[in-house]
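Asks: Here it is, the structure in full.
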């Protein structure tokens, strides 16, 4: 109880230092717990979660080839891969063990603006006779086609999504920017024209969409041609192409559709095997295998990776900086405690108990800080990660315990250091000052004793002289009644008496 009372007294006496120790310990463990949660989430995102993806592979032109596909040159369609070409590479799925191959098929055609329908202008538009039109009509045969859309994923902001099994041949989706330009709403009608003839088609707005991915270079507001601006893309149900006879085996010019086939795979390992198999079959020059779904997934975890890179450095800084600050505060608390240690030892307090007191002075403010910071870090890890990692949650996991133990180990080490302070206050050093005072006192006592002895000796001599004088006076009085036979004797006696008096004096 003595030790605890003394330790608590010291903590309260130096309250600002104690509060600072509590805050440093709390901030340190809060930060490292959150950093551990982010690190664990990043590892999982690149490991278990990544391997669990079901990629969709596509075979598309490289950036160099895409630049050669001129939007105002109809001969560019000859460089497209045909549906039969895709069928050849589909055979490689059986080679890698896919028993029931599945595909997502997309088809696109340029379409002219017609009637009151107007496209968003490009930066360097030319005649629709050269480009085939100012808009692009896309048709996917299932919802997975949207996930591999080359112009980015989108969401329905108004209306309904497409009915991929619908047969009326009219329903389409338009972008919010396109709808705003043409004052279109859900249920409105728009008119598009055939890219090679004067035929027009009345279509119905089933929904309005908004892109959720950033625009690829050259396909946003920076598009050279209107049809290359992704906001001019009109997504249609498959029946729109068939009902309006927009597909033909003998199509010419811009009526040649551009196919985009997605190969559905079950795992990342299958995607890797498919890529190798297709390359072994020799892809057409200027084409490559990629996976828009994996690219999209990697883009979603990029904010998490950036946050993790920062938190790795922060965690190191918190361990080092927090440990150093706490060490300095503990060192400040142990300064000028030699007299206190000495007094405690004089009254019988052992070194171990004094060391335990110093340890408690370190633990009393830091342990509550560790508890508060650790609990707060565990509770705030998930929402804080969602806010800082682009919506990617970073819940506290078992890895956070290791970060907590490291923080606890730092505080424990500081407590041990504090407990060793009395061991360096040796007994000779403690009583050095008191020995000097004792020696001075002894010397003074010896001097006083010598002085007292000299005084006593002088007093004794004076007393002895006095006794002698009294004896002489008595003898003189006795001889007074008898006359001296010799006058010289009296004179001699008087002289002797005077000499005695001078001696006595």
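The values are calculated or read from the model by the stated rules, or taken from the named source; none is laboratory data. These numbers were taken from a predicted model, which means no experiment stands behind them. Using ideal geometry, Cβ is built from the backbone for each residue, glycine included, and neighbour counts are taken over all protein chains shown.
Asks: I'd like to know if the range 341-361 contains one or more residues that are assigned to a helix (DSSP H, G or I), in the same structural domain as residue 423 (by TED's automatic domain parsing), under 15 Å from the mean Cα position of the chain (by Cα) and surrounded by fewer than 21 Cβ atoms within 10 Å (Cβ to Cβ).
Replies: Within the range 341-361, none of the residues are assigned to a helix (DSSP H, G or I), in the same structural domain as residue 423 (by TED's automatic domain parsing), under 15 Å from the mean Cα position of the chain (by Cα) and surrounded by fewer than 21 Cβ atoms within 10 Å (Cβ to Cβ).
Asks: Moving on. Hey, can you tell me all the residues within the range 91-112 that are assigned to a loop (DSSP other than H, G, I, E, B) and in contact (Cβ under 8 Å) with a residue 60 or more places away in the chain?
Replies: 96, 97, 98, 101
Asks: Looking at (1) in a loop (DSSP other than H, G, I, E, B); (2) in contact with a strand residue (DSSP E or B) (Cβ under 7 Å, 6 or more places away or on another chain); (3) surrounded by fewer than 24 Cβ atoms within 10 Å (Cβ to Cβ), which is the only condition residue 119 fails?
Replies: Answer for residue 119: the failing condition is (3).
Asks: Considering only the range 369-390, I want to know if a residue exists there that is surrounded by fewer than 19 Cβ atoms within 10 Å (Cβ to Cβ), in contact with a helix residue (DSSP H, G or I) (Cβ under 8 Å, 6 or more places away or on another chain), touching a residue at least 40 places away in the same chain (Cβ under 8 Å) and assigned to a loop (DSSP other than H, G, I, E, B).
Replies: Within the range 369-390 (the criterion being surrounded by fewer than 19 Cβ atoms within 10 Å (Cβ to Cβ), in contact with a helix residue (DSSP H, G or I) (Cβ under 8 Å, 6 or more places away or on another chain), touching a residue at least 40 places away in the same chain (Cβ under 8 Å) and assigned to a loop (DSSP other than H, G, I, E, B)), the answer is yes, since at least one residue qualifies.
Asks: Determine whether residue 126 is closer than 18 Å to residue 148 by Cβ, assigned by TED's automatic domain parsing to the domain that holds residue 182 and in a loop (DSSP other than H, G, I, E, B).
Replies: For residue 126, the condition - closer than 18 Å to residue 148 by Cβ, assigned by TED's automatic domain parsing to the domain that holds residue 182 and in a loop (DSSP other than H, G, I, E, B) - is not met.
Asks: Hey, can you tell me all the residues within the range 268-284 that are free of Cβ contacts under 8 Å to residues at least 40 places away in the same chain and in contact with a strand residue (DSSP E or B) (Cβ under 8 Å, 6 or more places away or on another chain)?
Replies: Of everything in the range 268-284, just one residue is free of Cβ contacts under 8 Å to residues at least 40 places away in the same chain and in contact with a strand residue (DSSP E or B) (Cβ under 8 Å, 6 or more places away or on another chain), namely 279.
Asks: When you check residue 107 against the structure, is it touching a helix residue (DSSP H, G or I) at 6+ places or on another chain (Cβ under 7 Å), more than 19 Å from residue 229 (Cβ to Cβ), in the same structural domain as residue 60 (by TED's automatic domain parsing) and at pLDDT 90 or above, yes or no?
Replies: Criteria met by residue 107.
Asks: Here's something else I'd like to know. How many residues does the range 300-342 hold that are out of contact with any helix residue (DSSP H, G or I) (no Cβ under 9 Å at 6 or more places or on another chain) and farther than 30 Å from residue 389 by Cβ?
Replies: Final tally of qualifying residues: 3.
Asks: Find the residue count for the range 91-106, including only residues that are under 23 Å from residue 147 (Cα atoms) and surrounded by 15 or more Cβ atoms within 10 Å (Cβ to Cβ).
Replies: Summing the residues that are under 23 Å from residue 147 (Cα atoms) and surrounded by 15 or more Cβ atoms within 10 Å (Cβ to Cβ) in the range 91-106 gives 7.
Asks: A further question on this structure: How many residues, within the range 145-160, are assigned to a loop (DSSP other than H, G, I, E, B) and surrounded by 15 or more Cβ atoms within 10 Å (Cβ to Cβ)?
Replies: 6
Asks: Given (1) at pLDDT 95 or above; (2) over 43 Å from the mean Cα position of the chain (by Cα); (3) surrounded by 16 or more Cβ atoms within 10 Å (Cβ to Cβ), where does residue 178 come up short, assuming only one miss?
Replies: Every condition holds for residue 178 apart from (2).
Asks: Then there's this: Taking the stated definitions as given, is residue 260 surrounded by 15 or more Cβ atoms within 10 Å (Cβ to Cβ) and without any contact (Cβ under 8 Å) to a residue 40 or more places away in the chain? Don't jump to the end; show me each part of the working.
Replies: On the way: surrounded by 15 or more Cβ atoms within 10 Å (Cβ to Cβ): yes; without any contact (Cβ under 8 Å) to a residue 40 or more places away in the chain: no.
Answer is no for this residue.
Asks: When you go through 132, 115 one by one, which is the residue that is touching a residue at least 24 places away in the same chain (Cβ under 8 Å), in the same structural domain as residue 70 (by TED's automatic domain parsing), over 51 Å from the mean Cα position of the chain (by Cα) and closer than 16 Å to residue 253 by Cβ?
Replies: 132
Asks: Sticking with this structure for a sec: Pick out, from the range 1-88, the helices (runs of 4 or more DSSP H) lying fully within it that include 1 or more residues that are over 29 Å from residue 404 (Cα atoms), at pLDDT below 90 and over 22 Å from the mean Cα position of the chain (by Cα). Spell out the reasoning first.
Replies: On the way: elements: 2-13, 15-46, 48-51, 63-68.
Filter on the range 1-88 gives 2-13, 63-68.
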